[in-house]
Amino acid sequence: MTGLYHVYVIQSNQTKELYFGFTGDIEQRVKEHNEGKNTSTAEQRPWTLVYCESYRSERDARNREQKLKHYGNARTYVKRRLTNGLL
């Protein structure tokens, strides 16, 4: 069995902006965001992991990431779940 795939939400401590992503290694990926290795998030460092969903299927995880990135209802759903967990 292969590892899990993760859809995650990080929040900028600086701007409070949310970023939605996908990875097979959540700890390494958040570290990369905080080291400025992602051009989309480098300017808003540091980032805090605020939400994560795990999937056995890479395809399911990628589909969920796309929904979160591109469909307002999915983003709103996650934001509602995070009401007390956001910075």
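Taken together, the values in this text are just the output of simple stated rules run on the coordinates, not laboratory data. Note that the structure is predicted; figures quoted are calculated from it, not measured. Every residue, glycine as well, gets a Cβ built from its backbone with ideal geometry; the counts of neighbours run over all protein chains shown.
Per-residue ellipticity at 222 nm from helix content only, as computed over the chain with -39500 (n - 2.57) for each DSSP H run of at least four residues, stands at -11000 deg cm²/dmol. Taking other residues whose beta carbon is less than 13 angstrom from the beta carbon of C52, and scoring Lys, Arg as +1 and Asp, Glu as -1, yields -1. All C-alpha pair distances within the chain, sorted into 10 Å bins from zero, spread as 18, 49, 31, 2 percent across the bins. Between E17 and S57, what is the FRET efficiency for a Förster distance of 41 Å, r being their Cβ-Cβ separation, to the nearest 0.05? About 0.90, to the nearest 0.05. Give the aspartates and glutamates whose C-alpha is closer than 15 Å to that of K69, dropping any in the same chain fewer than 8 places away, or say none. By straight Cα distance, K69 reaches E17, E53, D60. Close amide H pairs (under 5 Å, H built 1.01 Å from N) link R45 with no residue at least 5 positions away or on another chain. A Cβ-based charge dipole, computed about the Cα centre of the chain with Lys and Arg at +1 and Asp and Glu at -1, lands at about 360 debye.
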